[in-house]
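The values are calculated or read from the model by the stated rules, or taken from the named source; none is laboratory data. Model, not experiment: these values are computed from the prediction. Every residue, glycine among them, receives a Cβ derived from its backbone with ideal geometry; neighbour counts consider all protein chains shown. Ligands, DNA and RNA are excluded from the accessible area calculation, which covers all protein heavy atoms including side chains. Shrake-Rupley method; radii C 1.70, N 1.55, O 1.52, S 1.80 Å.
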Amino acid sequence: MRQLLLAATAAAALLLPVHAEEAAPAPSPGEIVEAAAAGEWVRIAPSDLLVMDLAPDAAGKPRRVIIQLMPPPFSQGWIGNIRKLAAAHWWDGTAVTRVQDNYVAQWGDPDGEDAAKAKPLPDGLAMVPESEYRTQWIELKYDKSMKPLLEKWSEGGSAETGPRSADVGPDNYAAAYLFDRGWPLATDEDYEWPVHCYGMVGVGRNLSPDTGSGAELYAVIGHAPRHLDRNIALIGRVVSGIEHLSSLPRGTGPLGFYADPAQRVPIASVRLASDLPEVGRPAFEYLSTESDSFARYADARANRRDPFFIRPAGGADICNIPVPVRAVGAK
């Protein structure tokens, strides 16, 4: 019977017009982003960009790392401190002190743990409580209550169940994930919080109840350490220059701290972009996570159909759907 079916199929194929057009290949996530309309991109305010210039590398090339700060209501106590620290030029002359493989690169005052040598912090920094690691829902972003949303995604899914939109989805570390105003978040029925994806920037701290001032920061340079979510403050993400942190030599001391002070990478300056001259000021925009193009991009990340792929995965981890950000000319 199988041979007969194959023969019938072959005969039917001969009857098809030779000029029949093949279906166009599905676009890749990158192609969807490239085709996004200009109106689907959102300019990042210069006051929300933190510009860190490291000392030049061994070949004399500049090393600039640019961090986008999170919008309200997330982590605003720490971000307020960071704005004050940048305005006071506090980070100038500090250093990258820790690079732990597959984990984080961390910077701040190398003598911060020594009260006699520590660099004085600016006056007026806030002491932020642990409750600020997450924020209560202010308004829902969907025309439905949160409970049915969570029930919908608690069912899971696979390639057999067919493709589904990935801009909201199930999460191994929370009831669900979602994107809001360009940021990846996890959520339950009462709270939402930012998550530790590659390139996210957080606040170093000591043991609880200490939450850190924002003077010591780290960037994720390895596999997403989601176990840190709601245990430490996230304040933003690197939008340019992550290679200047991820490619640094790994520290050989405990937790990747540099055992030899000579290995530390000096920080020349940290400024808000809004405090830099307008000429040459860095400018960036992100693809709106409320746009049609982002919904198609997220689905394409979860269900790769472009020619290289054989089977769509049927889902994606939130950190495998990085929000597209691009550099643009100054207005």
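According to the square roots a ≥ b ≥ c of the eigenvalues of the Cα gyration tensor, what is the shape class of the stretch 241-290, taking rounded for a/c under 1.5, prolate for a/b larger than b/c otherwise, and oblate for the remainder? It comes out oblate by the Cα gyration axes.
Carbon-plus-sulfur accessible fraction, the stretch 197-327 (probe radius 1.4 Å, protein heavy atoms only): 55%. At full extension, R326 and L255 could sit 22.3 nm farther apart than now, given 0.36 nm per residue minus the alpha carbon distance. Computed from the alpha carbon positions, the gyration tensor of the stretch 210-331 leads to an equivalent ellipsoid with semi-axes of 31, 23, 15 Å, biggest first.
The amide H of V104, built 1.01 Å from its N in the peptide plane, has I221 as neighbours under 5 Å, considering only residues 5 or more places off or on other chains.
Couplings 3J(HN,Hα) for the stretch 211-216, derived from phi with the Karplus relation 6.51 cos²θ - 1.76 cosθ + 1.60 (θ = phi - 60°), are 10, x, 8, x, 6, 10 Hz, where x marks Gly and Pro. Residues whose amide H falls under 5 Å from that of V265, counting only those 5 or more places apart or on a different chain, are V96, with hydrogens built in the peptide plane.
Computed extension length for K119-D210: 30.9 nm, one decimal, from 0.36 nm per residue of separation with the Cα-Cα distance subtracted.
I'd like the FRET efficiency for D57 and D101, computed as 1/(1 + (r/R0)^6) with the beta carbon distance as r and R0 of 22 Å, rounded to 0.05. FRET efficiency, D57 to D101: 0.65.
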